[in-house]
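Working notes, structure below.
The values are calculated or read from the model by the stated rules, or taken from the named source; none is laboratory data. Because the structure is predicted, anything quoted here is derived from the model rather than measured. For neighbour counting, all protein chains shown are included, and Cβ atoms are generated from backbone atoms with ideal geometry for every residue, glycine included. Calculation scope for accessible area: heavy atoms of the full protein, side chains included, ligands and nucleic acids excluded. Shrake-Rupley method; radii C 1.70, N 1.55, O 1.52, S 1.80 Å.
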Amino acid sequence: MAELISRRQLRRVATIGAVAAVALLYLCMVGLIEAFKDRNVVTGVITLGAVMLLAVPLIAGYRAALLPRDASASRLAAWQRVLFGLVVGLIAGAVLGVFVVIASAVDVRGVLVRISPPLLEFLSFGLPSALAFLAITGLGGLTGALGALLLVSPVRIRNAVTSAVIAVVFMSMIEPLLRPRLEQLDYTAISDFVYKSHGLTEAAAILFLVVGAVAAILWQPANDLVRRTVDAAPVESRRRIRRWAIGVLVVAVLILPQVSGTFLAQVAVLVGLYMLLALGLNIVVGYAGLLDLGYVAFFAVGAYLTALLTSPNSSLGIGLPFFVALPIVMLGAGMTGLLIGAPVLRLRGDYLAIVTLGFGEIARVLFESDALQPWLGGVQGILGIPSPFPPRIDLDLGTMHIFATGPQVLYYPIFAFCALAAVFAYRLSNSRIGRAWNAMREDESVAEATGVSTVNYKLLAFALGATTGCLSGALFAVQLGSVFPGSFDVFVSITVLAVIILGGMGSIPGVILGAIVLIGLPELLREFVEYRVLVYGGVLVAMMLLRPEGLIPNRNRQRELHEADSEEEQETLDGDLMPQRGTS
Amino acid sequence: MRFRLPQRINLVSTILWGLRIVVAVLVLAGSWATLSSGKLSPDAWRELVVFGIAQGSVYALIALGYTLVYGVLFMINFAHGDVFMTGAMTAFFVARNFGESGFLNANPIVALLIIFAVSMLTSMLVAIALERIAYRPLRRAPRLVPLITAIGASLFISNSIRGIYGEQSQTYPSIDALQGRLDLFGIPILKTQALVIVSAVVLMIALVYFVERTRTGRAMRAVSEDKDVAALMGINVDRIIVTTFAVGGLLAGAAGILYALVFNEVDWFMGFLPGIKAFTAAVLGGIGNIAGAMLGGLTLGVLESVGPFLLLGGANVPSPNQLRDVIAFTVLVLVLIFRPNGILGRSEPGR
């Protein structure tokens, strides 16, 4: 051991500390801490706001202990790494401490609206300035050191601790979902044991910590066991296992709204609508590689066409039955896809993105405008869209009693359409068409040279994407019973894009996971609504920087995205950026 | 535009020709109807044109940021509109303070200069951070990756500002010295609009001087020509790229204040539309081309202010001004489809 810390290490520790400090200040200023400071994780012990604040020095400490990647790294002793974590945490804590002291002395609310007295009291633990500063700094240092300790501890312990913490936070987050349902089903004893004023009780927290840790410890052997058993099984029974697994999944999806009650069903309906949108956009972005930022236009066209055709109050006033109107809607949307697709096909990727964004905005402004008000209803939209689905189902099948209302009913058609779209997309991706899209996305000129008609295949992608999107729009119109132009802003396009990016472009399981995570989770955190778009933006940036292929990557796409890593010459990249020739 | 008969009629070119004809007919019919009805007096037209030039010069300044970055990195910095917004939003608090303390009216020139400086510096810092955090690690990635990052960054910045400064829109304090009109060769012009146009022209001249005459500007042009060769010539490419973002940010920050002078109100979402419109302006003039961005900005500004009244006013369309954004986006779509190289762009792109 040559010296305590080298200059280079010192600089990196300082940098990470500074970044952590900025992150802490940012969380406070942007209002996330204020929004979550009263949301209990473990009632009386810790709130979600505190968890967020502590996560910053924890992660920073972990990162600091990880450094540096050069040869000297191996010579670092564990206590040195923990020291790094401690220092990083101290820096971050001290900066936040100074901020709290200043903000308590000077009123900054005129500019930074979120720095409210309750927030400051929360941050300073209600202590006077000097003590608060010391407490915040100390806590920061402690957490930083803890993060570093986590790194130097054996993998098994690290996993157990992480999983235990995640289990507790997750269980507390699903409180709005679980608790009302438990009470509704008369399991009040359980619900009272687990939850207290929107957070976990101490006993339940300890229980979940243990469960999380045990699950993490058992995960590896259990996983190995299952894998070994499956691998050892003959092909025939392996296929049977898979069929059973799919069967169980389908049954689970089918009975979900029955078990979970209306609230989750409502969330699931929303997730389903976005899943359908994402499956459609996935054809355009994931398969054909055309970044369409105006996808909301198809969603809007689907919803408005449905409204025009089925609502007796619309300007057409014909009031067709939904399932008669649906083919017309799909046809209309497919045509719109062709009309929008045709002019933009020859543009290169980034221009195409902006032009489609322009189309999306044009659509919204037109739907909103007074000029088209007599036909499309302007800002008031179109009301009175009849639902083809019964408002409630009450079936007595002797042994079992099925009862469903509102979203619980709508859940089934939406998921039927989702399943249909998923199977369709899956079959497409492995067909001749899918391979053509693949080729086109990887290299357009080569694809053209091998006989792929890029124009036709691009148009096809646009039309199919449009049709899927309009289906979602039609269901959306039916679900609400009315359409308003306000529902079709650019954020819908961005949300759907974020879903695809998070899950993995071109990957159907990825899209499904993305929709559940990005649409479902925020519904559970009501305080979160305001920060949704912020998080989507963050997700887009973070995914592109860290894992551009998404959480569940499509194999082809992954290879493409990491191609550049292995290439040494900038030349190829420049070639890639070359604009194609303009039209005519 | 070169004219060439299509060798074979196909769906795409049919749709494109249909689009051309529809647009031409709409423009001609709309203008004819408006002009023959004589709804607007010449004074009103003049007002619209001057207003168009004023907002056009704001667009032009933002468009320069797009063009500069495109020139060196060949990427669309989608978050540039939000860089513009951050400056205006941050400087608002300084302006409000000056307004309340009376400094703004006592010493309007100094106060305005300080407000400009605050806005420009803020925007510059945001632009530099953006490049460092979001774009630099992705220089070698496939071209859609930085674009998606830029979209994410745009949402992140605008929503952060919404969280930090609150979501209500803020009204810049008015300056007594800028009230009323200025008589320029017999044409009365609002003083604020005159100031906006003059400041934009000064900044553009400064930019042209910087790019054409200074050492850094020359290095910037070299990097935009060929990064590898520029690096071989001893130019620090990374530093030049950061400088480019910084200059773009400075101009955007200034544009933010000019925007506030023209429209008075600023809010966290103000970056989105001007951002896209400025991008339109940059493409209209020929992206990567500095003079093109200025020309495109002015053209778009005037089109957007005159267009709705000229094209739709005569057809008795209710509240044509609601459709001004449609005009801007239609221009964007048409330019990208029919002349993606823009007015001043070389027909055969150099890169």
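Here are some notes:
- Subset of region B:211-248 [within 19 Å of B:ALA291 (Cα to Cα), away from chain A (no Cβ under 14 Å) and open to solvent by 50 Å² or more (accessible area, probe 1.4 Å)]: B:GLU212, B:ARG213, B:ARG218, B:ARG221
- Filter result for the condition that a residue is at pLDDT 85 or above and closer than 30 Å to A:VAL152 by Cα, over A:ILE5, A:ILE59, A:ILE102: A:ILE59
- Qualifying residue in region A:121-141 (condition: at pLDDT below 85, open to solvent by less than 40 Å² (accessible area, probe 1.4 Å) and away from chain B (no Cβ under 14 Å)): yes
- Within region A:493-503, the presence of a residue that is open to solvent by 50 Å² or more (accessible area, probe 1.4 Å) and assigned by TED's automatic domain parsing to the domain that holds A:GLY294 is excluded.
- Of the set (1) without any contact (Cβ under 8 Å) to a residue 12 or more places away in the chain; (2) of a type outside the set (A, V, I, L, M, F, W, C); (3) within 14 Å of chain B (Cβ to nearest Cβ), all apply to A:GLY286 but (1).
- Scan of region B:73-82 for residues that are surrounded by fewer than 24 Cβ atoms within 10 Å (Cβ to Cβ) and either more than 9 Å from chain A (Cβ to nearest Cβ) or part of a helix (DSSP H, G or I) (or both), ordered by number: B:LEU73
Residue-by-condition table, conditions (1) within 30 Å of A:ALA436 (Cβ to Cβ); (2) in the same structural domain as A:TRP375 (by TED's automatic domain parsing); (3) open to solvent by 30 Å² or more (accessible area, probe 1.4 Å):
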| residue | (1), (2), (3) |
| --- | --- |
| A:ILE508 | yes, yes, no |
| A:ILE512 | yes, yes, yes |
| A:GLU527 | no, yes, yes |
| A:LEU534 | no, yes, no |
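- Top-ranked residue in region B:167-215 [being among the polar types (S, T, N, Q) and assigned to a helix (DSSP H, G or I); ranked as modelled with the highest pLDDT]: B:SER199
- Scanning region A:151-202 for residues that are assigned to a loop (DSSP other than H, G, I, E, B) and either open to solvent by 30 Å² or more (accessible area, probe 1.4 Å) or among the basic types (Lys, Arg) (or both) yields A:PRO154, A:LEU185, A:ASP186, A:TYR187, A:SER197, A:HIS198.
- Filter pass, B:THR34 being within 12 Å of another protein chain (Cβ to nearest Cβ) and touching a helix residue (DSSP H, G or I) at 6+ places or on another chain (Cβ under 7 Å): no
- A:SER487 of a type in the set (Ser, Thr, Tyr), in a helix (DSSP H, G or I) and within 29 Å of A:PHE263 (Cβ to Cβ): yes
- Some residue of region A:550-566 being within 13 Å of chain B (Cβ to nearest Cβ), under 28 Å from A:VAL344 (Cα atoms), at pLDDT 80 or above and outside any helix (DSSP H, G or I): yes
- Being open to solvent by 50 Å² or more (accessible area, probe 1.4 Å), closer than 30 Å to A:PRO548 by Cβ and at pLDDT 85 or above is a property that holds for A:LEU249.
- Note on region A:252-263: residues that are of a type in the set (A, V, I, L, M, F, W, C) and open to solvent by less than 80 Å² (accessible area, probe 1.4 Å) amount to 3.
- Criterion applied to B:GLY288, B:GLY271 was being within 14 Å of chain A (Cβ to nearest Cβ), open to solvent by 10 Å² or more (accessible area, probe 1.4 Å) and in contact with a helix residue (DSSP H, G or I) (Cβ under 6 Å, 6 or more places away or on another chain), and the one residue passing it is B:GLY288.
- Matching residues, region A:89-113, being in a helix (DSSP H, G or I), open to solvent by less than 40 Å² (accessible area, probe 1.4 Å) and more than 16 Å from A:LEU58 (Cβ to Cβ): A:ALA94, A:GLY97, A:PHE99, A:VAL100, A:ALA103
- Residues (surrounded by fewer than 21 Cβ atoms within 10 Å (Cβ to Cβ), touching an Asp or Glu at 6+ places or on another chain (Cβ under 8 Å) and at the interface with chain B (Cβ under 7 Å from one of its Cβ atoms)) located in region A:340-395: A:VAL365
- Residue count, region A:34-63 (criterion: farther than 15 Å from A:GLY93 by Cα and open to solvent by less than 10 Å² (accessible area, probe 1.4 Å)): 3
- Residues that are facing chain A (nearest Cβ under 7 Å), at pLDDT below 75, open to solvent by 20 Å² or more (accessible area, probe 1.4 Å) and in a helix (DSSP H, G or I), drawn from region B:319-351: B:GLN322
- Selected residue (only one of B:ALA111, B:ALA141, B:ALA153 is open to solvent by less than 40 Å² (accessible area, probe 1.4 Å), outside any helix (DSSP H, G or I) and either closer than 19 Å to B:ALA260 by Cα or within 13 Å of chain A (Cβ to nearest Cβ) (or both)): B:ALA141
- Of all residues in region B:156-185, those satisfying the criterion of being within 7 Å of another protein chain (Cβ to nearest Cβ) and in contact with a helix residue (DSSP H, G or I) (Cβ under 6 Å, 6 or more places away or on another chain) are B:PHE156, B:ASN159, B:SER160, B:GLY163, B:ILE164, B:TYR165.
- Condition met for B:ALA134 (at the interface with chain A (Cβ under 7 Å from one of its Cβ atoms), modelled with pLDDT under 90 and part of a helix (DSSP H, G or I)): yes
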